[in-house]
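*Asks:* Submitted below is the structure of interest, expressed as structure tokens.
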Amino acid sequence: MAEDTLDLPTPIAPEAFSDADAAVERLCAIYDAHTRHICERFGQFIDGGMPGGRVRATYPEIRLESSTFQRIDSRLSYGHVAGPGFYATTITQPRLFETYLMHQIEQLIRNHESPVIVGPSDMPIPLHFAFPDGLNVEGHLRVGQPALRDLFDVPDLSVMDDAIVNGAYVPPLGMPFPLAPFTAPRVDYSLHRLPHYTATAAEHFQNFVIFTNYQFYVDEFCERSRALLARGEGDYEAFIEPGNVATLPGASASTGEAPARLPQMPAYHLKRSNHGGITMINIGVGPSNAKTITDHVAVLRPHAWLMLGHCAGLRTTQALGDYVLAHGYVREDHVLDADLPVWTPIPPLAEVQIALEQAVAEVTELEGYELKKVMRTGTVATIDNRNWELRDHKELVERFSQSRAIALDMESATVAANGFRFRVPYGTLLCVSDKPLHGELKLPGMASDFYRTQVSRHLEIGLRAMERLAGMPTERLHSRKLRSFAETAFQ
């Protein structure tokens, strides 16, 4: 379609900014004006009117130009580009990411002693993503109306894949290098999927995320969180449950209405200012769920995520209720094979490992050699076959022995590997709930007794570890171990 038939918003010229506050404000102004243009035209369309051409508005964009190979202080794992050239990233929902964007832009301006350029990009905003709270746009169509694609831009999968974060993106000749790990459409896609899977809005997610595979942990987390808010203790602002049901400090009851049925992976958020609290998500069972939810949470750029769950103990020396602190993973989940080859090592991150070990020591009141009575550090194997016990044990036992695995589950390696892939610090602390190779199966009576006695303490350990991580400087927590040769400047 010719350029003069496009129905465009009022032009906003690109401008250089040496102040991160002002840069973020301009991002917000462009995003608001451009999404408003789309929404207004769509409103006219569903009322029977016709736009004056094909409706188009684009995402705001941040650009940086570097002209030198001069070495930047690289002790920080992010905040600088690799060398000379133009770098750019499109941005969506800048108010949701305000704290994140402020920090990233400040780093760029300081490290490169150069302003950033903020202006509209060439990347169209799809109609579906112009409504941040979601809208079934097709549901508003009437018989006989033109197809939406004839008048509006719609989501394009070719610009919302993970090529950048997977290290597979090569910019076409003359195009800028990426400045951030995700494009705006890729972020928008996940922001619209998160409420579907978790029944909570993206704005409630916190920077410290605990994944679990049992509702028992969620029930305990809810009880603790509501009690904290009712007593008005700590610096928490609210506790959010599925349906965006909110409990506020000092309140004896919640506001909002819970959904008629829980979503696939319900999320719960103990909120602090600037997203500094804790989110817990029950991801259910299996590596597919683990990949799905971490694919979407990753666009929020959390500071750390942990897997707290149950596992099969593989050693005769382990007892039910013992802890396993993963320092390596055997990946037989298969869901990430196309994104992260199985030969890629998933290293333990010292900051997370230490926080977890110290939390175990605090809660169990054991130290040093005595701590080995209840916690073992080693390799966790993750597989995609829940009924692995029904296979011939000879091959399995041989492989477990060769890998030095001490525990087996279905989610931990996937969560850790996606943390590695997305540059999100990760860790795993599991609790031994059965020992199938040694005659201790997870049967109903045994499982119930185990859950009642172990869940509270295990969750307490996870929460204390997260508090430790939240107290660390950002530059210490975001490890250079997670960065590749030519990284994006935004973490």
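The values are calculated or read from the model by the stated rules, or taken from the named source; none is laboratory data. Nothing here was measured: the structure is a model prediction, and the numbers come from that model. All Cβ positions, glycine included, derive from the backbone under ideal geometry; neighbour counts span all protein chains shown. In case anyone asks, the SASA skips ligands and DNA or RNA and just uses the protein heavy atoms, side chains included. Shrake-Rupley method; radii C 1.70, N 1.55, O 1.52, S 1.80 Å.
*Asks:* Answer yes if at least one residue in the stretch 399-415 is at pLDDT below 90, open to solvent by less than 50 Å² (accessible area, probe 1.4 Å) and not in a strand (DSSP E or B), and no otherwise.
*Replies:* yes
*Asks:* Being of a type in the set (Ser, Thr, Tyr) and at pLDDT below 95 is the filter here, so list the residues in the stretch 198-224 that pass it.
*Replies:* Our first condition is that a residue be of a type in the set (Ser, Thr, Tyr); within the stretch 198-224, this holds for 198, 200, 212, 214, 217.
Within the stretch 198-224, Tyr214, Tyr217 qualify.
*Asks:* On the basis of being part of a helix (DSSP H, G or I), modelled with pLDDT under 90 and surrounded by 14 or more Cβ atoms within 10 Å (Cβ to Cβ), does Gln454 make the cut?
*Replies:* yes
*Asks:* Of the residues Glu370, Glu395, which single one is modelled with pLDDT under 85, outside any loop (DSSP other than H, G, I, E, B) and more than 26 Å from the chain's Cα centre (by Cα)?
*Replies:* Glu395
*Asks:* Counting only residues that are out of contact with any Pro (no Cβ under 9 Å at 6 or more places or on another chain) and open to solvent by 30 Å² or more (accessible area, probe 1.4 Å), give me the strands (runs of 3 or more DSSP E) lying completely in the stretch 1-120 with at least 2 of them.
*Replies:* Those strands (runs of 3 or more DSSP E) do not exist here; none qualify.
*Asks:* Write out, first by first residue and then by second, each pair whose Cβ atoms fall under 6 Å of each other, whose residues are 6+ apart or on separate chains, and whose first residue, in the stretch 470-491, is under 22 Å from Ala168 (Cβ atoms) while the second is open to solvent by less than 40 Å² (accessible area, probe 1.4 Å) and β-branched (Val, Ile, Thr).
*Replies:* Matching pairs, first to second residue: Ala489/Val81.
*Asks:* Restricting attention to the stretch 336-348, which residues are under 18 Å from Tyr426 (Cα atoms) and within 20 Å of the chain's Cα centre (by Cα)?
*Replies:* Leu336, Asp339, Leu340, Ile346, Pro347, Pro348
*Asks:* For the stretch 373-392, how many residues are in a helix (DSSP H, G or I), open to solvent by 20 Å² or more (accessible area, probe 1.4 Å) and either in contact (Cβ under 8 Å) with a residue 60 or more places away in the chain or touching a helix residue (DSSP H, G or I) at 6+ places or on another chain (Cβ under 7 Å) (or both)?
*Replies:* Looking only at that region, the number is 1.
*Asks:* Consider the stretch 321-336. How many of its residues are among the aromatic types (Phe, Trp, Tyr) and either closer than 12 Å to Glu357 by Cα or open to solvent by less than 20 Å² (accessible area, probe 1.4 Å) (or both)?
*Replies:* Total satisfying the criteria: 1.
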